[in-house]
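S.K.: Could you have a look at this structure, given as C-alpha cells, before my questions?
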Amino acid sequence: MVAPAVSRSSRRTGRRSSPVDFAAVGSRRWLAGIALLGLAAVACSQGSAGPTPEPIPGTVDHPREVNLIASEYAFAPSTLQVFAGETILLHVVNAGLEVLEAILGDGRVQDAWEAAEAAVPPPPPGPTPVVTVPPDVSGVRVVVRSGQRMDVVWTVPQAPSAPLVVGCHIPGHWARGMKILIEVAAAQR
C-alpha cells in the first residue's frame with residue numbers, strides 16, 4: 001500500500017494532502033505554455049512600434065539629454081548630433097580603464113588644449129589638473145575618472161564659425177584618433 005503524499009505544511013498542521021497527479025500537472029503546464037505563446041504571437045503581430053521620433057531641440061529650462069561614452073582612444077557615438085542654439089545636458093561616461101577627458105570646441109580650442117597638455121614635462125598619466133588655456137579660448141572641458149559619469153550643461157553656438165569637435169588631449173589620445181565631429185543642424189522649432 002502506498003502512503004498518501006505529505007506536504008511540509010501538512011506536517012506542521014497534521015493534515016494529510018491528497019496524492020499529486022503529475023501527469024495532469026504536466027499537461028496543464030503544457031497548455032499554459034501554448035496559451036502564452038499564442039498571446040505573444042498575437043502581441044507581436046500587431047505591427048511595429050514605428051520609427052524613432054525626431055529629437056526635439058533642448059532649451060535652457062528643458063535641456064535635451066545627450067550621452068557620450070568615452071573609452072581608450074574612442075568616443076561613442078561616432079558623431080555628436082546637436083541643434084544650433086539648443087541647450088543640452090551632456091552625460092560623459094568613462095567606460096575606459098583610465099581618466100579621460102572630453103574637450104568641446106573648434107579647432108582653435110582643440111589645438112590650445114593639445115599644446116597645454118603636452119607642455120607639462122613630463123606628461124603625467126591622465127589630464128593635467130593645473131593646465132589652462134588662454135582666457136580668450138572658449139570651449140568646455142570635462143574630466144571623467146574610470147567608471148564615472150560627469151554631466152555638463154552646454155548651449156550649442158547659434159552659428160559656429162568653424163567645425164566643432166569633441167577631443168581627448170591626454171598625451172597620445174588625440175594623436176591616436178580620440179576625436180569626433182559635432183554635427184550642428186538647424187533647429188526645427
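The values are calculated or read from the model by the stated rules, or taken from the named source; none is laboratory data. Just so you know, these numbers come straight off a predicted model, no measurement behind them. No Cβ is skipped: glycine too gets one built from the backbone with ideal geometry, and neighbour counts run over all protein chains shown.
S.K.: Is it the case that Ala118 is in the same structural domain as Ser146 (by TED's automatic domain parsing) and modelled with pLDDT of 95 or more?
M.R.: no
S.K.: Then there's this: Out of all the residues in the range 52-62, which are under 18 Å from Glu183 (Cβ atoms) and of a type outside the set (S, T, N, Q)?
M.R.: Residues satisfying the conditions are Glu54, Pro55, Ile56, Pro57, Gly58.
S.K.: Restricting to the range 131-161, name every residue that is in contact with a helix residue (DSSP H, G or I) (Cβ under 9 Å, 6 or more places away or on another chain) and either farther than 13 Å from Leu104 by Cβ or surrounded by 14 or more Cβ atoms within 10 Å (Cβ to Cβ) (or both).
M.R.: Val131, Thr132, Val133, Pro134, Val137, Gly139, Val140, Arg141
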